[in-house]
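Please read the structure below before turning to the comments.
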Amino acid sequence: MGWLDKNGVFNLQKLFTSSAIADKKPEKPAKSDKKPFNIQVNAINLKNYQLHVEDRGPEKPVQLALSPLNLTIKNFNSAKQKPFTLALNSTLNKTGQLSSQGSVTLSPLNVNLTINTKNIPVNIIQPYVNDFAHLRIRRVELFVDGKLKLTEKQTIGGNFKGNIALRSLRTTDTLKGQDFLNWKTLSLTGLHYELEPAALSIDKVLADRLYSKILVEKDKSTNIGKIFISKPQTKKKKNQSRKTHADSYRPGVD
């Protein structure tokens, strides 16, 4: 199992660090006419693999579990200029399905992959949302069907073309426990995003059964302004904020 600590350091990095190596001054490589050591593998197959990743940066850790994970790599060559093919399919946190296949060249970077996801539980990002909003994502599922292309020249460029849908969204504000933003389906078809220079175009946007609750108080403030936090709060301030809201809120008729 791998995890990110609160400083953003991946625990597996510690397996490959050494103070002795760090203190040793790098030596100039000796000139040699020998060809660099090369590794070539015709096929690599991982079947029923399990990968667990945990981000311990947020107050409540974010946990990702890919199980089972099946990965096939063909024609891998450590000579980075040569492409290899990969095919991946897995289940994310027991409900989400994801698959990808295509070709990859490591140097210069060249990626051509199809990406398909179904029922990805987006509410796993809730611990990140807590830092910016008094909002609970009760349910939402991500569906993606598209192609990803990345190329490396002076900078990393590329694009994504395809369709994206968020289904069965339900959110509530945690201050009053009321529904805030819901929909059955929000779909973006014919989406084209360019990385460099950044550009986005969408052929069609469809929102089915969209619901949003906006309240304007007598002082002209809105529930939207109260839900979103202007500055991320520290753990201590969060606890104080929750206590204040709990004390000040009184049930009433909506």
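Per the Cauchy relation, a quarter of the hull surface: what is the mean projected area of the convex hull of the alpha carbons in the stretch 118-209, in nm²?
Details: hull surface 29.2 nm².
That works out to 7.3 nm².
Could you work out the Rg to Rh ratio of the stretch 157-201, with Rh taken as the Kirkwood radius (inverse of the mean 1/r over all Cα pairs)? Before the final figure, lay out each step's value.
Working: Rg = 15.5 Å, Rh = 12.7 Å.
Rg/Rh: 1.22.
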The stretch 110-209: trypsin sites (Lys or Arg not before Pro) in DSSP coil with no more than 11 other Cβ atoms inside 10 Å: 153, 209
Built amide H within the under 5 Å cut-off of residue 229, gap 5+: 133, 134
When each of 118/176; 34/80; 161/204; 60/94; 94/147; 176/220 is checked by Cα-Cα distance, pairs over 23 Å: 118/176; 94/147
Computed P(r) (all Cα pairs; the stretch 61-147; 5 Å bins; percent): 3, 13, 17, 17, 15, 14, 11, 7, 3, 1
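Among 97-110, 213-226, what's the highest-first ranking by average C-beta atoms within 10 angstrom per residue? Can you show the working numbers first?
Details: 97-110: 15.1, 213-226: 11.1.
Packing proxy ranking, top to bottom: 97-110, 213-226.
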DSSP-assigned coil residues among chymotrypsin sites (Phe, Trp or Tyr not before Pro) in the stretch 125-189, each with at most 14 further Cβ atoms within 10 Å: 132
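Any read-out appearing in this document is the output of simple, stated calculations on the displayed coordinates, not a laboratory observation. As the structure is a computational prediction, the values presented were derived from the model and not from experiment. In this analysis, Cβ positions are derived from the backbone assuming ideal geometry, glycine residues included, and neighbour counts consider all displayed protein chains.
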